[in-house]
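The values are calculated or read from the model by the stated rules, or taken from the named source; none is laboratory data. All of these numbers come straight from a predicted model, not from anything done at the bench. Here the Cβ positions follow ideal geometry from the backbone for every residue, glycine too, while neighbour counts run over all protein chains shown. We work out accessible area using only protein heavy atoms, side chains counted, and drop any ligands, DNA or RNA first. Shrake-Rupley method; radii C 1.70, N 1.55, O 1.52, S 1.80 Å.
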Amino acid sequence: MSEALVTLQQVVVLRHTEPSGLFGMWGKKPVRALDGLSITLNPGETLGIIGGSGGGKSTLAEVVTLRRPIDRGRILFNGKDVSKLKGDEKKRLQKRLRIIPQNPTESLKMEETVGKQLTELLKRNEIPDPAGRIAKALAQVELDNSFLGRTPREMSGGQQQRLALARALMLNPQVIAADEPLAGVDPRLQEELIKLLKRLQQEQGFALLLISQDLRLLSRMADRVAVLHAGHLYEVGPKAQVLGDSRHPYSRRFLGLGAPMPAEEDMVGKVYQGCPWAPHCQSASAACATKPTLVEVGSGHQVACHHPGGV
């Protein structure tokens, strides 16, 4: 495979909780949304991301598209360190790194016409021929020009999803990060959007970071799948191996193999010296007090575990 398009190297992202207690006397506390995470996204591939709530999936999407600063580590784009880009240079790169939030209304102005907000987006990014670019983008997602005079509030949920996708495509992205793009969509419309996404990716060649808990969607669209928990990458590899022959104990539990998942943990203030899953793992040993690194367990299949294949 060609050189990675995006590479994260030992990335740490801290976020801070709101103050608690009387008059906020307890102050803000840090949460490691990503804790030393290293991963690659290759040109034109679809990398599926799964894991429980609070595992760092949405933060990863924001980091890959330069929407959230990192506290440590490096982000490489085509081999160049872009971790500290600022100003116009960062804005130019962000044009090629787009994000589609879980709720399409987060990227749309609900009371402003489609034509006006898409024109403003292109002008803001100094893209020539806005009318032609808008017509092409709408046609790509199978919306016609009659939508230009409507507001998103006057559109159905499926039409809003298509508009959010058109908005991302208009700047000819090299990477699109989609956060649960089919959540809340009925099965018939899901099928339409899956076919649409696959066709557009084939036509334009963008890499897709696809966050989803829908294993059916990932089995159809992903080339590789990565498993995140507590800001750590536990497993990554070809979808058939990760979804069909997962080797990390967390992955196996998450995919319904073995005992039920425990309740989600409160991550506030926690810094793990070892494996975060060890307290719940039947295969844990003294070795798990040290943080495992990714090891190859199959062709392109890596697992961060001292006892891969445990339960």
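Considering only the range 27-65, state which residues are in a loop (DSSP other than H, G, I, E, B) and either hydrophobic (A, V, I, L, M, F, W, C) or without any contact (Cβ under 8 Å) to a residue 24 or more places away in the chain (or both). Don't jump to the end; show me each part of the working.
The first filter runs over the range 27-65 and keeps only residues in a loop (DSSP other than H, G, I, E, B), leaving 27-29, 42-45, 51-56, 65.
Those that are in a loop (DSSP other than H, G, I, E, B) and either hydrophobic (A, V, I, L, M, F, W, C) or without any contact (Cβ under 8 Å) to a residue 24 or more places away in the chain (or both): G27, K28.
Could you please let me know if S212 is polar (S, T, N, Q), farther than 21 Å from K109 by Cβ, at pLDDT below 95 and open to solvent by less than 10 Å² (accessible area, probe 1.4 Å)? Quick ask: steps written out before the conclusion?
Values: polar (S, T, N, Q): yes; farther than 21 Å from K109 by Cβ: yes; at pLDDT below 95: yes; open to solvent by less than 10 Å² (accessible area, probe 1.4 Å): yes.
Criteria met by S212.
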*From the list L200, L189, which one is open to solvent by less than 50 Å² (accessible area, probe 1.4 Å), farther than 25 Å from S53 by Cα, touching a residue at least 40 places away in the same chain (Cβ under 8 Å) and among the aliphatic types (A, V, I, L, M)?*
L200
_Condition first: of a type in the set (D, E) and either open to solvent by less than 60 Å² (accessible area, probe 1.4 Å) or in contact (Cβ under 8 Å) with a residue 40 or more places away in the chain (or both). Now tell me which residues in the range 246-286 satisfy that._
E264, E265
*Sort through L93, L122 and tell me the only one that's hydrophobic (A, V, I, L, M, F, W, C), in contact with a strand residue (DSSP E or B) (Cβ under 7 Å, 6 or more places away or on another chain) and outside any loop (DSSP other than H, G, I, E, B).*
L93
*With the condition kept exactly as written, say whether any residue in the range 164-183 is without any contact (Cβ under 8 Å) to a residue 24 or more places away in the chain, part of a helix (DSSP H, G or I) and of a type outside the set (D, E, K, R).*
no
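Return the only residue of R68, R74 being touching a Ser or Thr at 6+ places or on another chain (Cβ under 7 Å) and either part of a helix (DSSP H, G or I) or open to solvent by less than 80 Å² (accessible area, probe 1.4 Å) (or both). Don't jump to the end; show me each part of the working.
Details: R74 fails: either part of a helix (DSSP H, G or I) or open to solvent by less than 80 Å² (accessible area, probe 1.4 Å) (or both).
Result of the check over R68, R74: R68.
Report yes if A139 is more than 30 Å from P43 (Cβ to Cβ), of a type in the set (A, V, I, L, M, F, W, C), open to solvent by 20 Å² or more (accessible area, probe 1.4 Å) and assigned to a helix (DSSP H, G or I), otherwise no.
no
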*List, please: which pairs have Cβ atoms under 9 Å, are six or more places apart or on different chains, and start with a residue in the range 110-130 that is over 11 Å from P152 (Cβ atoms) and of a type in the set (S, T, Y) and end with one that is at pLDDT below 95 and surrounded by 13 or more Cβ atoms within 10 Å (Cβ to Cβ)?*
T119/P130; T119/A131; T119/I134
